[in-house]
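J.: After the structure tokens below, expect a handful of questions from me.
Readers should treat all values here as calculations from the given coordinates under stated rules, not as data from a laboratory. Keep in mind it's a predicted model, so treat the numbers as computed, not measured. Cβ sites come from the backbone with ideal geometry, for glycine too, and all protein chains shown count toward neighbours.
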Amino acid sequence: MNLKILLEFDGTNFKGWQKQKDKRTVQGELEKVFSDLIEGTFKIIGCCRTDSGVHALNYVCNVKIEGNLKLKFEKLKSALNSILSEDVYIKNIEFVNDNFNARYDAKFKVYRYRILTYPSPFLIRYGFYPKIKIDFEKLKEIEGIFIGKRDFRSISAKSEKCGICNVFESYWIYNDSYYDYFIKADRFLYKMVRSIVGLMILYSLNKVSKEEIIEIFEFKRKFIPYVVPSKGLTLIEVGY
């Protein structure tokens, strides 16, 4: 039996998605509740890892079960949500082919990074307030430079064997209360989105030029990534 699960979570009090010993993670919480509702063994496979504090509106995982459910399938979603804490909610559960893998079958992911224009008490949990004035028009100037297939290891926060990512979309949207950055790609490196946002902030502050950004991607200029805080990042969509 293989179940595809769509869920959302507030990452504030989680140490990311992946299960870690003695740390609260989303995968760890799901394993706890599933263990009460399954007779047999099971494995939960997430579409990707998330850093501590990162949120998700539409996270996808699959649960491969060797055994049986202790209740009718129609009651599984409500049973899980009644046990889960308020910062995780399962939106949908469906049967899928045994070969479906939430991680390896994903074709693209969409992330949003939110920069607040003021420290709103209602938004600060899900956005980054930089305490400096950022020129939105400068952010718009540089948004398209990241589109295309290229090696992103020059701005990755750790060493990667393969840095090739294909970015399909990269754009900013303005709101009086915040600036939202959206990026869609086939894969992402460790802290890649937060490093890209940090690089664009540096550009908006005239601390790096467009030519220098190109040199960074061509590995002609050393760059220590400016990684913006995780709380502003949300996984919006996973495509299959």
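J.: Here are a few candidate values for Cα extents along the principal axes in Å: (i) 62, 43, 37; (ii) 60, 40, 30; (iii) 61, 38, 34. Which one was actually calculated from the structure I just gave you?
T.: Derived directly from the coordinates: (ii).
J.: Here's another thing I want to ask about it. Which pairs, out of K138/K161; K131/K184; K107/K220; K191/K231, put more than 21 Å between their alpha-carbon atoms? Could you put the intermediate results ahead of the total?
T.: Working: K138/K161 32 Å; K131/K184 27 Å; K107/K220 31 Å; K191/K231 12 Å.
Among K138/K161; K131/K184; K107/K220; K191/K231, the Cα-Cα distance tops 21 Å for K138/K161; K131/K184; K107/K220.
J.: If you don't mind, there's one more thing I want to ask. Could you tell me the calculated FRET efficiency between K43 and Y240, based on Cβ-Cβ distance and R0 = 22 angstrom, to the nearest 0.05? Don't skip to the end; give the middle numbers.
T.: Details: r = 19 Å, r/R0 = 0.86.
With R0 = 22 Å, the Cβ-Cβ based efficiency is 0.70.
J.: Could I ask something else about it? For a quick protection proxy, order the peptides 60-67, 131-138 by their average other-Cβ count within 10 Å, most packed first. List each step's numbers first, then the result.
T.: Values: 60-67: 18.0, 131-138: 11.2.
Those peptides, ordered most packed to least, come out 60-67, 131-138.
J.: Same structure, new question: Which trypsin sites (Lys or Arg not before Pro) in segment 169-240 sit in a loop by DSSP (not H, G, I, E or B) and have at most 10 other Cβ atoms within 10 Å of their own Cβ?
T.: Numbers: sites: K184, R187, K191, R194, K207, K210, K220, R221, K222, K231; in loops: R187, K191, K207, K220, R221, K222.
Answer by residue number: K220, K222.
J.: Once the dipole of segment 2-96 is set up with Lys and Arg at +1 and Asp and Glu at -1 on Cβ about the Cα centre, which of G11, F42, L76 lies farthest towards its positive end?
T.: Positive-end residue among those listed: F42.
J.: Something else: With +1 assigned to the C-beta of every Lys and Arg and -1 to the C-beta of every Asp and Glu, and no other charges, what is the dipole magnitude of segment 2-96 about the Cα centre in debye, to the nearest 20? Spell out each step's value before the answer.
T.: Details: 15 positive and 13 negative charges, 45 e Å.
The dipole of segment 2-96 has a size of about 220 debye.
J.: Using 0.36 nm times the number of residues separating K23 and K75, minus their current alpha carbon distance, what extension gain do you get?
T.: Numbers: separation 52, 0.36 × 52 = 18.72 nm, distance 2.92 nm.
Additional length available on full extension: 15.8 nm.
J.: Shifting gears a bit: Can you classify segment 81-163 as rounded, prolate or oblate using the Cα gyration tensor, where a ≥ b ≥ c are the square roots of its eigenvalues, rounded means a/c under 1.5, and otherwise it's prolate if a/b beats b/c and oblate if not?
T.: Oblate is the answer for segment 81-163, as a/c is 1.5 or above yet b/c matches or exceeds a/b.
J.: Highest GNM mean-square fluctuation, the chain, Cα pairs closer than 10 Å: which of A106, A56, A79?
T.: Of A106, A56, A79, the most mobile in the Gaussian network model is A79.
J.: Can I ask one more? If you count the DSSP beta bridges with both ends in the chain, what percent of them are antiparallel, to the nearest 5? Don't jump to the answer; show the numbers that get you there.
T.: Values: 49 of 52 bridges.
Around 95 percent of the beta bridges assigned by DSSP in the chain are antiparallel ones.
J.: What angle do you read, to the nearest 10 degrees and between 0 and 90, between the alpha-carbon axis of helix 26-35 and the longest principal axis of the chain?
T.: Long axis of 26-35 versus the principal axis of the chain: about 10 degrees.
J.: List every residue whose amide H lies under 5 Å from the amide H of F108, counting only residues 5 or more places away in sequence or on a different chain, with H placed 1.01 Å from N in the peptide plane.
T.: Placed amide hydrogens put G239 under 5 Å from F108.
J.: Stretch D135-I164 to full length: gain in nm at 0.36 nm per residue minus the Cα-Cα span? Working shown, then result.
T.: On the way: separation 29, 0.36 × 29 = 10.44 nm, distance 2.97 nm.
Fully extending the segment from D135 to I164 adds 7.5 nm.
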